[in-house]
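Visitor: Just dropping this structure here.
Just so it is clear, none of the values below were taken in a lab; they were calculated from the coordinates. Predicted model only: the values in this text are computed from it and were never measured. FYI the Cβ positions are ideal-geometry reconstructions off the backbone, even for glycines, and counts take in every protein chain you see.
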Amino acid sequence: MSPTGSSAPLQGSHMTATHPASSAPYTGDARDTRVRRPLRAPDPELHTVTTSDGVELRLTHYAGGHRGPVLLTHGLGVSSRIFSLDTIRTNVLEYLCAHGFDVWLLDYRVSIELPSSARQWTADDVATKDYPAAVDAVRAATGKRAIHALVHCYGSTTFCMAMLAGLEGIASAVCSQISTHVIVPWTTRAKVHTRMADMLRLAQLGALTARVDGYEGALGPLKRTYDQSLRLIPFPAEERCDSAVCRRVSFMYGRLYQHDQLDVATHATLHELFGVASTTALEHLATIIRHGRVVAADGEDRYVPRLERMGIPLTFIHGERNVCFLPASTAATVAALSAVHGPERFERHVVPNYGHIDCIFGKNAAVMCSRTSSRISTRRRRSDGGGRALACLSCGRRWVRAARRASASGTARQRCG
Ligand SMILES: [Zn+2]
């Protein structure tokens, strides 16, 4: 793929002029000399979106086709690069482009690739300021009344909060790993109840970072002690690891992936994918975990009482071995939504042998892609009589047909990868 300079400014009050970019993923690190494979995607256009409180977000647009715009949003302490990683055979971006979707990767205010990630934010900020600006920008640029969304982890939490706060213009969404309700293992509960984020603030650590070797930030001279102490965290034998970045990731968020679901090259590039997470964001996340559902940063039950606002087709994907947010979390969300809207609009799939973020950039990330595509193509078949069922790249399974069989049998589970 060659660099491109053909990016015309988009329409929309919040969107500013674009600038050229190449199809190689953004590195954000001048010392990074790793050779990357070219992506099987159109050359991207970068767009800056300014929120109502003046924060600049980034939308990276890949004009993959005419099957409708899809907005992809990442989790906390990472960036949109989780969707365009070149160390796996086919990433989410490439899959969606290959199937004709118009892909928009959003880096919102906590993205480790934006300067704003160095400041303190809550999930309320993301939900009520970033999502409206980004969705409006994509709608204005594409002329579509409503767009699709694929949202992961903190991106899904904040997306659902945005919906419950009144976000408009979403036709359907795939929510990965978490949504409105949060159930965690006892180890996470213990960490939350000891108010770890509060202690970090008292220690004057504005943020935690997964990056090492020159990126210790506020840790400074404590870095070595910190990394050595993380070796004491007990893990199952198959998940023990010598990577300092990997151990920091597990300490900050819980174990996010099954090692055997990651390519060796992906594991070796974790330092590119994970970075800083502010204590304010972690604090708010801890408050949400203590309440067992999304609440405002001050603990006010502002969101879940408005479940009537989430009456769109939603698909929930959960890794069976997710020990960060247990699969019971999305089961609780589906039950709560179904009580309000009936069960017809909601699907939930528990993916065997997957953890949390390996559903996005594991060896067979196409599992996630195929669910997104099949949801959208299902809607297309209903609306315009076109489209076709898509197969999972990893096993060839016809997802739409399989989903119907699972639904008929009442299992609501998929086997894939
Ligand atoms: Zn590891």
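Visitor: Once the Cβ-Cβ distance between residue 119 and residue 344 is put in as r, and R0 is 51 Å, what FRET efficiency do you end up with, to the nearest 0.05?
Guide: Taking R0 as 51 Å, the efficiency between residue 119 and residue 344 is 0.75.
Visitor: Suppose R0 equals 25 Å; then what is the FRET efficiency for residue 90 and residue 140 from their Cβ-Cβ distance, rounded to the nearest 0.05?
Guide: After rounding to 0.05, the efficiency reads 0.25.
Visitor: What distance in nm separates the two pseudo spin-label positions at residue 240 and residue 50, each 7 Å out from Cα along the beta-carbon direction?
Guide: Inter-label distance under the simple model: 5.4 nm.
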